[in-house]
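In what follows, a structure is listed as structure tokens, so that the remarks can point back to it.
Just so you know, all these numbers are worked out from the coordinates, no wet-lab data involved. No experiment lies behind these values; they were computed from the predicted model shown. Positions of Cβ are generated from backbone atoms using ideal geometry, with glycine treated the same way; all protein chains shown enter the neighbour counts.
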Amino acid sequence: MSGRILLVGVLMAVGLFVQCAKDGPVPVPPEEPDPVDPPEWLIPEDEILDGGPGRDGIPALFSPFFISAEEATYLADEDIVLGLKFGGEIRAYPHLILDWHEIVNDRLGEEHICITYCPLTGTGVAWDRKLNGELTDFVISGLLYNSNMIAYNRETDSNWSQMLLRCVNGEQIGERIKTYQLIETTWKTWKTLWPETKVLSRATGHNQNYNTYPYGNYRTNNNTLIFPVDIEDNRLPWKERVLGVVSGGSAKAFRFETLPETGIGVINDGLPGKNIVVAGSREKELLVAFGRKLDDGKNLTFTPVQDALPVIMTDQEGNRWNIFGEAVSGPRQGTKLPHVDAFIGYWVAWGAFYPGLKFR
């Protein structure tokens, strides 16, 4: 019996050998590739510079104190502020204070918002403090990329590029941050439009001379950078303030001088995959951007409205829109225009982050 089993086994082996010989050599399974570790940084590590103060070396603000417009006597009409409207609350964050602190961890009603401002690139961005539903705080990492701040999130041990609007290192790497509309303009314009505004107080708990700009003539000298950028774009003066609008991996810049010398100007434009409108006033140093395509698929085309601030434009349906993108009258009253990632910054920064970007 055992001999028969052995004979059958031999015949089966021979049959398999003959069949394999007909089909060609037996394939050798490929070796499993070695696992590839994800990059530690999304940006070139050799272009990340130490700004000097170190983490928390520039103190961020927490639970800030606000005063009324009448009490904000430390501000001159020409001083620049970052304005925010959320729900029924309107607040102004002056550059005079942000130059020294750069980050304000704030709360408006039920929303927790972080105001970020980088004096080296002149960029102010408001973003959500909640990451994956958890409330977090942001501080200064002390690191720079293309002269722009990298914010540090304590709870997730992650670093966030302000102008890239995403996490570039750490637990949240690759994630984009949710942003809110932040309007940069003069104190005179802001308080005229919104006399009920609250203003960030100088009572910050820190002993800083807020009437002194900490970087000398940096913001007006077009030939000076404290830290280098990867690409120097000389098509416009380096420190010219332009509104950059970001969509996906592309951006477009809009100059104040594109607007008429007086009154409101409106530009119907677009980026890849997104129709936008840019509107504002050169004389009032006001420039904002919104999406033009509504949720129902309707593409709006805008024209300026004069002498009606905060209303700045109307559309082909007869709606009138204010500087926050809110329809204040017309068939779409109560509607908000789609939010876009848009903020003012120095041309040198926009040219470094988005090489060759178009401008008008």
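Relative contact order of the range 119-265: what whole-number percent is it, with Cα pairs under 8 angstrom and at least 6 residues apart?
Dividing the mean separation by the residue count of the range 119-265 yields 15 percent.
At a threshold of 8 angstrom on Cα-Cα distance, excluding pairs fewer than six apart, so keeping six or more, what relative contact order does the range 241-359 reach in percent?
For the range 241-359, the relative contact order is 26 percent.
Rounded, prolate or oblate for the range 53-171? Axes are the square roots of the Cα gyration tensor eigenvalues, ordered a ≥ b ≥ c, and the cut-off for rounded is a/c under 1.5.
Oblate, because a/c is 1.5 or more while a/b does not exceed b/c.
Straight-line reach only, C-alpha to C-alpha below 21 angstrom: list the lysines that LYS298 could link to, leaving out same-chain residues fewer than 8 apart.
List returned: LYS274, LYS336.
Given an 8 Å cut-off on Cα distances and at least 6 residues of separation, report the relative contact order of the chain as a percent.
It comes to 16 percent, rounded to a whole number.
Residues of the range 165-189 with backbone nitrogen within less than 14 Å of a virtual label 7 Å along the Cα-to-Cβ line of LYS336, please, listed as ranges.
178-183
Work out, step by step, the length gained on full extension between ARG176 and GLN208: first 0.36 nm times the residue separation, then minus their alpha carbon distance; give nm to one decimal.
This chain segment gains 8.2 nm when fully extended.
Compute the length gained on full extension between PHE65 and ARG360: take 0.36 nm times their separation in residues and subtract their Cα-Cα distance, giving the result in nm to one decimal.
102.3 nm
Can you give the angle from 0 to 90° between the axis of helix 2-23 and the longest principal axis of the chain, with both taken from C-alpha atoms, to the nearest 10?
Helix 2-23 and the main axis of the chain meet at about 50 degrees.
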